[in-house]
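Read the structure below first, then the notes.
The values are calculated or read from the model by the stated rules, or taken from the named source; none is laboratory data. The shown structure was predicted, so the numbers you read here are calculated from the model rather than taken from an experiment. Here the Cβ positions follow ideal geometry from the backbone for every residue, glycine too, while neighbour counts run over all protein chains shown. Note: areas computed on protein heavy atoms with side chains; ligands, DNA, RNA excluded. Shrake-Rupley method; radii C 1.70, N 1.55, O 1.52, S 1.80 Å.
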Amino acid sequence: MSVILIVGGMAQGKKKFAEDMFAGAEAVRWADGASAALEDFAQAPFGCHFHLLIRRLMEGDPALRAGKMWLSMAAKEKLAQALTRFLLERCRSRVLVTEEIGSGIIPLDPLERLYREQAGRVCCCLAAEADQVWRVVCGVGGRIK
């Protein structure tokens, strides 16, 4: 297995699509970006809700056990490269599932704008490193890379 990035809108069937890709493999166990500690997520071969992990890093969620350095990196526009390197150093063979969050109305809240911008940049860095990139709409995946 290699790095596979799966993106798409909310509730579009991204996780099921990933699970179907690996149907012959043993049961897929997900590290959830909404709740996992950073190191646990980084070492997991399957990660979902990656965009929420980025949000939690930027908000300084203590449950991540990650420290506040990530928000300062986001403010200095170094988060994308640092987080990509961090994830790939810990598990080079992985599937990451994330929502596209950059479309729509630009938020008034500065942290919300920074979060959306940084999530997009992190996904761009990961896509550049990934062996496969898929976009899923209505449960149907289209290979981008």
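Taking the chain as the region of interest, the number of lysine pairs whose Cα atoms are within less than 26 Å, with members eight or more places apart or on different chains, is 6.
Placing +1 on the Cβ of every Lys and Arg and -1 on the Cβ of every Asp and Glu, with nothing else charged, gives the stretch 29-145 a dipole about its Cα centre of roughly 280 debye. Using a probe of 1.4 Å on the protein chains alone, the accessible area found for ASP131 is around 80 Å².
Given axes a ≥ b ≥ c from the Cα gyration tensor, I'd like to know whether the stretch 6-62 is rounded (a/c under 1.5), prolate (a/b larger than b/c) or oblate. Taking the square roots of the gyration eigenvalues as a ≥ b ≥ c, the stretch 6-62 is oblate. Remark: relative contact order (the chain) = 38 percent; criterion is Cα-Cα distance under 8 angstrom and separation of 6 or more residues. At q = 0.31 Å⁻¹, what log₁₀ I(q)/I(0) does the stretch 94-145 have when each alpha carbon counts as one equal point scatterer in the Debye sum? Log-scaled intensity ratios, in q order: -1.24.
Computed over the chain, the P(r) curve from all C-alpha pair distances, binned at 5 Å from the origin, holds 2, 10, 20, 25, 22, 13, 7, 2, 0, 0 percent per bin. The charge dipole of the stretch 94-137, taken about its Cα centre with unit charges on the Cβ of Lys, Arg, Asp and Glu (plus for the first two, minus for the last two), comes to roughly 40 debye. Summarising the label geometry, the points placed 7 Å from Cα in the beta-carbon direction at GLN81 and LYS16 lie 4.1 nm from one another.
Note that the chain presents 52 Å² accessible area per residue, ligands and nucleic acids not counted, probe 1.4 Å.
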